[in-house]
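Engineer: Here it is, the structure, as structure tokens.
What follows is calculated from the coordinates using simple rules that are stated; it is not laboratory data. These figures come from a predicted structure and were not determined experimentally. We place every Cβ from the backbone using ideal geometry, glycine too, and count neighbours over all the protein chains shown.
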Amino acid sequence: MSRKTHDTDQAARRMVGVDVGGTFTDVFVLDEAAGKASVAKVPTTRPDQSGGFLAGIGREVDDKSTLSVVVHGTTAGTNALLERKGAKIGVITTQGLRDVLEMRRRDRPRTWGLRGDFEPVVPRALRLEVPERTLADGTIRTPVDLDAVRAAGQMLIDEGCLAVAVLFANAYANPENEARAVEALRALWPNAHVSASSEILPEIREFERFSTTALNAYLQPEVSGYLTRLDDALRDAGFAGEFMIVQSNGGVMPVAEASRLPVRTALSGPAAGVIAAAYIAETAGFPDVITGDMGGTSFDVSLVAEGQQMLSPQTSIDFGMVVRSPMIEITTIGAGGGSIAWVDKGGLLNIGPESAGSTPGPVAYGQGNTRPTVTDANVVLGRIDPDNPIGGKLDRLDVDAAARAIDTHVGAPLGLDTLQAAEAILRVANARMAGAIRLVSIERGFDPKRFAFMPFGGGGALHSGAMMADVGLSRTLVPRYPGVTSALGCVIADMRQDFVQTVNAMLDGMDTGALGSVMQDHVDKGLALLDAAETRFEARETEFALDMAYLGQTHTVSVPLAVTVTDGVVTPPTREQIADAFDATYRESYGRLLQNGVRRVMNLRSAVTGKRPKFDLTTLAPEGGSVEAARKGTRRVHFGDAWHETAIYDRLALPIGATIDGPAILEQPDTTVLIEPELHGTVDRFGNTIITAKEG
Amino acid sequence: MSEIDPITLAVLAGRMEQIADEMDATLFRSAFNPIIAEAHDASHGLYHATSGDTLVQGKSGLPIFVGVMSFAVKAVIDKAAVDGDLADGDIYIFNDAHLGGTHLSDMRLVRPYFHEGQLFCYLASVGHWHDVGGAVPGNYNPAATDAFQEAFVLPPVKLARKGAINSDIVDILMRNTRLPQSAQGDLNGQLGALDLGVRRMDALLAEYGADTVRAALDALSNRAEALMEAELDGLPDGRWEAEDYLDNDGIEDVALPIKVALEIKGNRMVLDFDGTAPRCAGPVNIALPTAVATAYVAIKHVFPALPANAGVMRPIDVRIPEGSLLAAEFPAPVGGYTETIMRMIDVIFSAMAKAAPDRVVANAYGTINALSIAGKRADGKPWVMFSFYGGGHGGSPESDGLNHGNAPISTATIPPMEILEAAYPVMFREWALRPDSAGAGIHRGGLGARYEIEVLEENGAEAFLFGERGRFAPQGVAGGEPGAMNVFHFQQGDHWETPPLASKIRGITLKQGEAVRLETPGGGGYGPSAERDPAAVARDVAQGFLSASEADRLYGAAWQETTR
């Protein structure tokens, strides 16, 4: 099938972002030409998520050929890792090292208790050793025995392995042995799923590199199959545009690249949410924002300073399952709507970590859970409308059952009445959530007064007042469509590729020409991907940083380098420039330099980004309307120690400029926004609700 | 004392824990030496103004410090009482292990925290410095017969008076370390952590008021006591004994018994170490504070949900016999304290298993195996590769033990092989699990590891090992079998030798191309091996964790049926 290229009537077509979550599949459709956006929310289908995916798009778009771009934020990779549902795979590794994946970095699951064991995704019998050895300086001490590689490959094929990972010692320093092994394997392996550690992550630290590569192989058959099914289904429906996937780093990549590097999608969905939050907040005039995504079992926090997300170099998906590739930094605590409140033997009220999740869910859902959750407290206090439950499965929430559960499990042991007990649950839950926000802000030297809180997901906007009060955040910004933030993020994310190469050299005497050619290689590969893309880019950017330390230190600092790239050609930095950049970064991090210290360059990290055009968020803004017309009535809501007759508004019907004094509740199909008595909210020109303290 | 409502209490508990955690994080980030930065060999907390009891302690520091820090604070309280001039802005510093526990590498900073002119509590910071003088770089001297051969000894002295640092003290410290830059970096990091603690406490007291916070601290401590009492109430009354041995003290080849009698009566428990070996010549002695703190570590492993404050220990009477190696007086050498406290934890677990087999796991590998390989490069520059190695954890009531875990007293991770190979002229011929090392049981122990390290440097090298479990294997519990013992070999030409003291050796000479091989213990098994699922045995054989002959010997032949 021939595809249209991007220079043909792009403007007449539409962009779609699809975020598949655990419960709902969210779809965001942007029609730039018409200046319109629409959203849809449908149940996620399992096990094959493509059903919900297509149904969601189908809600808003009849003719798929009118779509120019479909961008997907996916949890397929995360779920396969968490539920251990990847493919049967094998490993071929250096003699003496078959157990690296199982030995980890000699850690344990929990500090206290010494319980728990660990099984890697590849069992020992499928981890085969071959004679080969490269030393740390890149010298090949033992050339790879290709006959042994072929025999091992055949054995893995016979065992029914669907993918294979080649994991050789020091392959970051010299990939030759791995490359030769992979070449031999690709000749006999029945599919494309052959991963080499030096291709996936040419970086020193064998466990992290092996783990990332093995998890990539583990995901490949599953994720590439899923993405191919989606791609085919879209094409069959007439879609002729470009299909892209959000990576954990917040950038998008073409679907073929995602099939090759599925491990980079491990945090795809949450990353898209943070991208959207950063853009919405900056557009609304708040470049400093802390996002809080409250789900059923967890509260995910991320910090955006001056419009920039924080990236962390690696994450553990679960104990011993390390993925090393740049990811948007998201801090998770176990305090969601479904988190269970309980009183321990010492008389202390605790929230979580146990959760009722979305099934059976809170007591008020009437699906079998009898222990009170955070959502039950919100229901009992009138903050959630029992007659219009979010999720659509139920007609009415069971307020009485929720109250009974709170009485039994919290009120009675603590000597509190139902309302006091419900308030207590919220206060302790809020304190935990506030703790997570302090962790990413105050503890890292960011002053919370500078920051706005942006709740997204279904439940966060019920807790924003508490976050402002407990942490000292200046205001809350509730985006117009908080329930589809990740889907919106898909539409605006840039295309980004990250590269790494271990250098491991002292700066004095380092060959900067060699460094320059690695930079050039990264730029070439990155730009080639951008060239191949059918999306248009407003700009192309390259960024370089070196992981550096003084000789003898193990912690490196990331030193950003100002490097000139003209028409795709890199001018390598001089040693003096690198030294100056290191000194500046080091001084900023540690206060002072080490006299006579020897500077060492550990890794080069490069990022190539194609900036995608951002759409005008006023597209989402309300048109017309009035506060009076939006007012739906009142409901009794409990705050502190009293019931307040509280005005209820249809949030989406409020006009730009509307101001609402608390206490008030703004309702929309998937979100409840609470404005507490001492706060007030205004609707900005994009339809966001800005909540601040009342004047005086 | 004012009463505190349960909600404020829950909120304040989290806030104060966060302060201690944040002090930990500040030091980890800014410390210069990897022992703190990577291995998190440090700790911070809040301590009682008059008793020194632990009020709140950070969650990310080294487990052993959770109990030992209050002794350091108590030592400062005693010193301040003698001096009689405690003031806001003072900071004490010392490393004397006989006063503060653990070993001389741990530098302790203790700062009184004043609120509105009144002493409110103490803040303290401890961190393992890279080098504090003594006979051996890094202070791990297996041949030390007194503290002076281990390190420079600093008693509690004022590093700061009313906010002004006494630079004389800093000068003395920096002249007594081989690595002054590293030491200065760690000192700055610890001072920074204390400063941060003060700022956070100021904010907390401004928000809640001193009375409320004090009431919360009391309530948390009482609550911890109540939790411990409730746990003990749930255990049967009785007296149970357990005994184990250290291989030797590194000087004389005589096994050293470590013995405990655990007695539970109602909601009280006694841990009596009567019968333990007397003070020895070598560095496996420990000071009394270390022994008491170790009992706390063991208890917290048995009851992981208990909070980290002194209330937990009130119902527990820890009896350490005078003159024993668990209460060695100054200047007995204590550098190898890790080995001794792990054996204490082992015997507490073994005794507890007899009281309540579902509450404990079998013994872990029980030795840190401090292995150093050192030499000179072609250009004459010295190099030292020093690391600790992992082993198997014990089987538990619900699962097999973890393969290749870290020591129960630590949370440190091992450096990557490639980082070691890039930094030192060595090559690991093997970095693997050790088959047939797991203690048999319903749930077997975790596997130990095999590390074989070849010297690549043409000048050769020297190797030193400070380990344990070369003669006495990690025990199983509830009927489980012991794991494999520690084995160390070194290559001399075309044959392999073993050290005369089994687990400790200094100064073996290795030529280029020769290697050492360390095979670390597996964990003990949990429950009778006869009751292990034959399919699980067959699986271990199929994965190569267990040889067929050992499977037959340990479990009988039933597993063979499952594979047909």
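Engineer: Can you quote the Å³ per residue value for the convex hull of the Cα atoms in chain B, rounded to an integer?
Structural biologist: Given the Cα convex hull of chain B, per-residue volume reads 151 Å³.
Engineer: Round to a whole angstrom and tell me the spacing of the C-alpha centers of the range B:471-528 and the range A:349-386.
Structural biologist: 54 Å
Engineer: Calculated from DSSP H runs of 4 or more alone, at -39500 (n - 2.57) each and per residue, what is the 222 nm mean residue ellipticity of chain A, nearest 500?
Structural biologist: -9000 deg cm²/dmol
Engineer: Can you classify the range A:92-192 as rounded, prolate or oblate using the Cα gyration tensor, where a ≥ b ≥ c are the square roots of its eigenvalues, rounded means a/c under 1.5, and otherwise it's prolate if a/b beats b/c and oblate if not?
Structural biologist: oblate
Engineer: Another question, if that's okay. Go ahead and collect, in residue order, the members of the range B:416-442 whose backbone nitrogen is under 16 Å from a label point 7 Å along the Cα-Cβ direction of B:N459.
Structural biologist: Label zone hits: B:424-426.
Engineer: For the range A:253-312 and the range B:172-217, compute the distance between their C-alpha centroids and round to whole Å.
Structural biologist: The range A:253-312 and the range B:172-217 have Cα centres separated by 34 Å.
Engineer: Which angle between 0 and 90 degrees, to the nearest 10, do you get for helix A:512-532 versus the longest principal axis of chain A when only C-alpha atoms count?
Structural biologist: Between the helix axis and the principal axis of chain A, the angle is about 60 degrees.
Engineer: Once phi is turned into θ = phi - 60°, what whole-Hz ³J(HN,Hα) does the Karplus curve with 6.51, -1.76 and 1.60 give for every residue of the range B:41-53, x standing for Gly and Pro?
Structural biologist: With the stated coefficients, the range B:41-53 comes to 7, 6, 6, 9, x, 10, 10, 5, 5, 10, 9, x, 4 Hz.
Engineer: Considering the dipole of the range A:92-192 built from charges on the beta carbon (Lys and Arg +1, Asp and Glu -1) around the Cα centre, which of A:L97, A:V130, A:T142 is farthest to its positive end?
Structural biologist: Sorting the options by dipole projection puts first A:L97.
Engineer: Relative to the longest principal axis of chain A, what angle (0 to 90°, nearest 10) does the C-alpha long axis of helix A:176-188 take?
Structural biologist: Compared with the principal axis, the helix lies near 80 degrees.
Engineer: Starting at the first residue of the range B:106-116, write each ³J(HN,Hα) from the Karplus equation 6.51 cos²θ - 1.76 cosθ + 1.60 with θ = phi - 60°, in whole Hz, x for Gly and Pro.
Structural biologist: With coefficients 6.51, -1.76 and 1.60, one gets 8, 8, 10, 10, 10, 10, x, 10, 9, 10, 6 Hz.
Engineer: Separate question: Run lengths n ≥ 4 of DSSP H only: what is the helix-derived mean residue ellipticity at 222 nm for chain B, with -39500 (n - 2.57) per run over all residues, to the nearest 500? Walk me through the numbers on the way to the answer.
Structural biologist: Working: 13 runs with 178 residues, N = 564.
Estimated from H runs of four or more residues: -10000 deg cm²/dmol.
Engineer: According to the square roots a ≥ b ≥ c of the eigenvalues of the Cα gyration tensor, what is the shape class of the range B:6-225, taking rounded for a/c under 1.5, prolate for a/b larger than b/c otherwise, and oblate for the remainder?
Structural biologist: prolate
Engineer: Right, another one. Quick one: B:H495, B:H115, B:H40, fewest Cβ neighbours within 10 Å first, how do they rank?
Structural biologist: Fewest-to-most ranking of B:H495, B:H115, B:H40: B:H495, B:H115, B:H40.
Engineer: Additional query: I need the semi-axes of the equivalent ellipsoid of the range A:339-430: take the C-alpha gyration tensor, multiply each eigenvalue by 5, square-root it, list largest first in whole angstrom.
Structural biologist: So the three semi-axes of the range A:339-430 are 21, 13, 11 Å.
Engineer: Okay, next question. Sorting B:C121, B:C280, A:C490 on the 10 Å Cβ count, fewest up front, what's the list? Spell out each step's value before the answer.
Structural biologist: Working: B:C121 26, B:C280 23, A:C490 33.
So the ranking, lowest neighbour count to highest, is B:C280, B:C121, A:C490.
Engineer: Also, quick follow-up: Suppose R0 equals 45 Å; then what is the FRET efficiency for A:D567 and A:E83 from their Cβ-Cβ distance, rounded to the nearest 0.05?
Structural biologist: Efficiency for this residue pair is about 0.45.
Engineer: By what distance, in whole Å, do the Cα atoms of the range B:313-412 stretch along each of the three principal axes, largest value first?
Structural biologist: 60, 40, 18
Engineer: If a helix is a whole DSSP H run, which ones in chain B reach 20 Å or further along their own axis (Cα) and hold a mean Kyte-Doolittle hydropathy of at least 1.0?
Structural biologist: Membrane-span-like by this rule: B:65-83, B:288-302.
Engineer: I'd like to compare A:51-57, B:370-376, B:178-184, A:157-163: which one has the highest average count of other Cβ atoms within 10 Å, and what's the full order after that?
Structural biologist: A:51-57, B:370-376, B:178-184, A:157-163
Engineer: Assign one of three labels to the range A:380-521, namely rounded, prolate or oblate, based on the Cα gyration tensor with a ≥ b ≥ c the square roots of its eigenvalues; rounded applies when a/c is under 1.5, prolate when it is not and a/b is larger than b/c, and oblate otherwise.
Structural biologist: Details: a/c = 3.15, a/b = 2.22, b/c = 1.42.
Prolate shape, in that a/c is at least 1.5 and a/b is the bigger ratio.
Engineer: State the volume of the convex hull built on the alpha-carbon positions of the range B:103-183, expressed per residue in Å³ and rounded to an integer.
Structural biologist: Each residue corresponds to 99 Å³ of Cα convex hull volume.
Engineer: In the protein assembly as shown, if every C-alpha pair distance is counted and binned at 10 Å from zero, what percent goes to each bin?
Structural biologist: 2, 9, 16, 21, 22, 17, 9, 3, 0, 0
Engineer: Over the range B:361-532, how many percent of alpha carbon pairs lie in each 10 Å bin up to the one with the longest distance?
Structural biologist: All Cα pairs considered, the percentages come to 12, 37, 30, 15, 5, 1.
Engineer: Can you tell me what the convex hull of the Cα atoms of chain A projects to on average, as an area in nm²?
Structural biologist: 32.7 nm²
Engineer: Let me ask something else. In degrees from 0 to 90, rounded to the nearest 10, what is the angle of the helix A:575-590 Cα long axis to the longest principal axis of chain A?
Structural biologist: That helix lies at roughly 40 degrees to the long axis.
Engineer: State the Cα centre-to-centre distance between the range B:227-268 and the range A:27-94 in whole Å.
Structural biologist: What the calculation gives is 58 Å, centre to centre.
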